[in-house]
Amino acid sequence: MLSKDELISLLGVQGNDVLQLMMKANALRSDHNITYSKNVFLPLTNICRNECGYCTFRREVDAPDATLTMPPHEVMATIHQADVYGCKEALFTFGEQADATREVKDALERLGFEGMLEYLYYLCERTLHETGLLPHSNPGILKKDELKMLREVNASMGLMLENTSTRLMETAAHQKSPGKDPKLRIKTIENAGKLKIPFTTGLLIGVGETVEERAESLLELRRIQNEYGHIQEIIIQNFKPKTGIEMEKHPEPSLLEMIRMVSVTKLLFPECGVQVPPNLNRDTAQIFLLAGADDWGGISPLTRDYVNPEAPWPELDELRILTEELGFQLKERLPVYPEYIKKDFLSDVIFKKIS
Ligand code: SF4
């Protein structure tokens, strides 16, 4: 266990010490596999109660490209097509508490659902019964009873912690995003732990947080993991400025900052998968593997990454080359990591489907 001071020191190393840090992190690999999940991305709505300063996904309800709700026939047709392509993960990612917006609520009621989570449950259940895919949902912050309901039909779930800094709630990043209150996000991750839900979380790097706040955020995840042991994967995602967003002129984190973050995350979480999204880092993806990352995340042969639509996922063949050039092997995984394929971490229906 590293102290906060040690983490801060490691997050500032220079010169040869950077190489040593990378080597230490790399040495913690249990094998030479770099994993990925063959998934299909299902953005059920792009309406969101938050307005993060770096978001390109969210739309106003009256925008020409707003999706109030993807209709069930469209969702299920996409999942059935993904089944044909051999995808294993149905990734339901969408705006938080969209049904607090009247137009979305009305659209859901027309479909016969009282709210977005009821609709999500219905789609996950159909996915399980009609296809070979396993649902993994990222619906934003949730109450414990909501997590409990969704656990029945999800192999794993996710929520980025992003950062523990309440200070960011006063900045362009999160000042219009009540759902980005770190207390609420920590509560959701902890409740998922109490319910034994295999969980993916992570940090967003370069949105105005300090190095000290990065260290505090990692330590908070470590504390949660020590208590509940349900965190299977940690994503280290770099902020990317994009035209038209509020934080368009905000600088992105340097490659060196990202390398240090990835290595320090692996040092602190040797038992977890560490992922840097390859679609946001096409030119630098390999260096993160050398820094200790061991997962490429979800790769879809079928759908675009709608949260970062300008950044298409690299083809699987390209990822295989990037992986094998370094002497690693590309290995497909399910949305739930092998260590969590156990009766106490999965509902009966999910466990039976996998085993
Ligand atoms: S980043 Fe996520 S939570 Fe923030 S506004 Fe966009 S969709 Fe909503």
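The values are calculated or read from the model by the stated rules, or taken from the named source; none is laboratory data. Computed from a prediction, not measured in an experiment: that's the story for all the values here. Don't worry about glycine lacking a Cβ; one is built from the backbone with ideal geometry, like all the others, and counts go over all protein chains shown.
Scan segment 329-355 residue by residue and report those that are within 18 Å of LYS194 (Cα to Cα) and free of Cβ contacts under 8 Å to residues at least 24 places away in the same chain.
ILE341, LYS342, LYS343, ASP348
This table checks each residue for (1) farther than 22 Å from ASP17 by Cβ; (2) modelled with pLDDT of 95 or more; (3) over 17 Å from the mean Cα position of the chain (by Cα).
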| site | (1), (2), (3) |
| --- | --- |
| THR210 | no, yes, yes |
| LEU218 | no, yes, no |
| ASN226 | yes, yes, yes |
| GLU248 | yes, yes, yes |
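So if I check each of GLY244, GLY193, GLY202, which one is surrounded by 20 or more Cβ atoms within 10 Å (Cβ to Cβ) and either out of contact with any Lys or Arg (no Cβ under 9 Å at 6 or more places or on another chain) or assigned to a loop (DSSP other than H, G, I, E, B) (or both)?
One residue alone meets the criteria, GLY202.
For PHE113, all conditions in the list (1) within 16 Å of the ligand (Cβ to nearest atom); (2) in a loop (DSSP other than H, G, I, E, B) hold save one; what is the number of the exception?
Looking at each condition in turn, PHE113 falls short on (1).
Pairs under 9 Å by beta carbon, first residue closer than 21 Å to ARG222 by Cβ in segment 157-181, partner within 12 Å of the ligand (Cβ to nearest atom) and among the hydroxyl-bearing types (Ser, Thr, Tyr), six or more apart or different chains?
GLY158/THR93
Considering segment 225-241 alone, what residues qualify as being part of a helix (DSSP H, G or I) and touching a strand residue (DSSP E or B) at 6+ places or on another chain (Cβ under 7 Å)?
Passing the criteria: only GLN225.
Checking the structure you have, find out if any residue of segment 51-60 is surrounded by 14 or more Cβ atoms within 10 Å (Cβ to Cβ) and more than 30 Å from VAL211 (Cα to Cα).
The answer is yes; a qualifying residue exists.
Test of understanding: among CYS48, CYS55, which residue is in contact with a Gly (Cβ under 8 Å, 6 or more places away or on another chain), within 16 Å of the ligand (Cβ to nearest atom), part of a loop (DSSP other than H, G, I, E, B) and over 30 Å from GLU324 (Cβ atoms)?
CYS48
May I ask you to list the residues in segment 295-326 that are modelled with pLDDT of 85 or more and under 15 Å from the mean Cα position of the chain (by Cα)?
Correct list: ASP295, TRP296, GLY297, GLY298, ILE299, SER300.
For segment 133-145, check the following and say yes or no: at least one residue is part of a helix (DSSP H, G or I) and crowded, with 24+ Cβ neighbours inside 10 Å.
no
Within segment 254-272, can one find any residue that is under 19 Å from GLY140 (Cα atoms) and touching a Phe, Trp or Tyr at 6+ places or on another chain (Cβ under 7 Å)?
Among the residues of segment 254-272, not one is under 19 Å from GLY140 (Cα atoms) and touching a Phe, Trp or Tyr at 6+ places or on another chain (Cβ under 7 Å), which makes the answer no.
What's the number of the condition ILE79 fails, among (1) surrounded by 20 or more Cβ atoms within 10 Å (Cβ to Cβ); (2) within 16 Å of the ligand (Cβ to nearest atom); (3) over 25 Å from CYS272 (Cβ atoms)?
Single failed check for ILE79: (2).
Restricting to segment 58-77, and then to whatever is in contact with a Lys or Arg (Cβ under 8 Å, 6 or more places away or on another chain) and assigned to a loop (DSSP other than H, G, I, E, B), can you tell me which residue is farthest from TYR119 (Cα to Cα)?
In this case the residue turns out to be ASP65.
Is there a residue being buried (at least 21 other Cβ atoms within 10 Å of the Cβ) and touching a Pro at 6+ places or on another chain (Cβ under 8 Å) anywhere in segment 23-37?
yes
Could you list, in sequence order, all residues of segment 82-102 that are within 16 Å of the ligand (Cβ to nearest atom) and acidic (Asp, Glu)?
Once the filter is applied, which keeps residues that are within 16 Å of the ligand (Cβ to nearest atom) and acidic (Asp, Glu), segment 82-102 yields GLU96, ASP99.
Going through segment 277-298 one residue at a time, which ones are part of a loop (DSSP other than H, G, I, E, B) and in contact (Cβ under 8 Å) with a residue 40 or more places away in the chain?
Across segment 277-298, the qualifying residues are PRO277, ASN281, ALA291, GLY292, ALA293, ASP294.
Which pairs have Cβ atoms under 6 Å, sit 6 or more apart or on different chains, and link a residue in segment 45-63 that is touching a residue at least 12 places away in the same chain (Cβ under 8 Å) to one that is more than 9 Å from the ligand (Cβ to nearest atom) and of a type in the set (Lys, Arg)?
If the second residue must be more than 9 Å from the ligand (Cβ to nearest atom) and of a type in the set (Lys, Arg), the pairs left are ASN46/ARG59; THR56/LYS242.
Test ALA107 against the stated conditions and say whether it is more than 16 Å from the ligand (Cβ to nearest atom), within 20 Å of CYS48 (Cβ to Cβ) and small (Gly, Ala, Ser).
The answer is yes for ALA107.
Could you check segment 175-211 and list, in sequence order, the residues that are within 15 Å of the ligand (Cβ to nearest atom), farther than 30 Å from LEU255 by Cβ and among the hydrophobic types (A, V, I, L, M, F, W, C)?
Within segment 175-211, LEU184 is the sole residue that qualifies.
Find the residue count for segment 268-288, including only residues that are within 15 Å of LEU21 (Cβ to Cβ) and either surrounded by fewer than 19 Cβ atoms within 10 Å (Cβ to Cβ) or among the acidic types (Asp, Glu) (or both).
The qualifying residues number 2.
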